[in-house]
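Participant: Sharing a structure below in structure tokens format, with a few things to ask.
Please treat every number below as a calculation from the coordinates, not as lab data. Bear in mind the structure is a predicted one, so any value in this text is a computation, not a measurement. Using ideal geometry, Cβ is built from the backbone for each residue, glycine included, and neighbour counts are taken over all protein chains shown.
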Amino acid sequence: MRIPVYLVYAIILISILASFLSGYYIGDYQFREQLYIKDSEIKELKMKNIELRSIVERSEERVLDLESERMRLIAQLENLEKELSGLISKLQVKDKEIMRLNYSCRECGEDVLELNARLAEIRTVIDRLREDKELLVILKTSPPLNRTEAKTYWNDTRAGLYKINPNLALNVDAILRYLDYYFDWYEAYPEDATPERICAWIFSYPPEAENYESAISKLRDEIYIVLVSDLVEALRVLEEKT
């Protein structure tokens, strides 16, 4: 039995139409799947972008706070330096006055001994205040942001502090102990500074690097305490000798 030609054409046409529709729906399904994946990736990137912006904003706020604190400390240190210079001048005047009294009262043995004791005390305070001016230099300077220069800076600082106050030099030992950890992190700043790389670099901040900055803050705090204590002692001596 021979199949009519029109039936053959109909079957071929139906096959072609079925293949087309099948390919269309499969392609449409794959397109929708890819579109869904891309949409998910875009949403994820938007979330990361929001998170990175938040991190950058917090970092900028932290930088502004640190800069404000630095300016405040510089102003306080300048006032302290002026007070130190004024106290040294006043104490030197007192030193001369006591020396004149000492010479004029040689026949009064007890008075001479008392004046000599006062003179020694004033000279001791003057020497301490002169050393404090060297401590002010440490507070007013910032450590270098270069590993080699920072090591040289802190070793020189330790040598100077050891002559003035050995207890302060112990704090520099802690700074030197954590210095390499800090610069290992600092020097790892990504050259290709994309937000993702910067974010990863910020979150890689190790506890040892934080210990480096904490040790510097502790040293500055203890120097500040020494300066205030010496100022209080100098004022006490001035009031007693007036």
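Participant: Run the reach check for LYS133 against lysines, Cα to Cα strictly under 17 Å, same-chain hits fewer than 8 apart removed. What comes back?
Facilitator: Result set, ordered by chain and number: LYS82, LYS90, LYS163.
Participant: Under a plain spin-label model, where a point goes 7 Å from the Cα along Cα-to-Cβ, how far apart in nm are LEU145 and ASP173?
Facilitator: Taking the simple label geometry, LEU145 and ASP173 are separated by 3.1 nm.
Participant: Here is a follow-up. What is the distance, in nm, between label points placed 7 Å from the Cα along the Cα-to-Cβ direction at SER15 and at ALA200?
Facilitator: 5.4 nm
Participant: Where does each of GLU191, GLU208 land when they are ranked from fewest to most other beta-carbon atoms within 10 angstrom? All intermediate terms of the calculation are to be shown ahead of the outcome.
Facilitator: Details: GLU191 5, GLU208 15.
If I rank by nearby Cβ atoms, fewest first, I get GLU191, GLU208.
Participant: Run down the lysines and flag those whose C-alpha is under 17 Å from the C-alpha of LYS38, throwing out any fewer than 8 positions away in its chain.
Facilitator: LYS46, LYS48
Participant: Return TYR178, TYR212, TYR189 ranked ascending by Cβ neighbour count within 10 Å, so the fewest neighbours appear first.
Facilitator: In increasing order of surrounding Cβ atoms, one gets TYR189, TYR178, TYR212.
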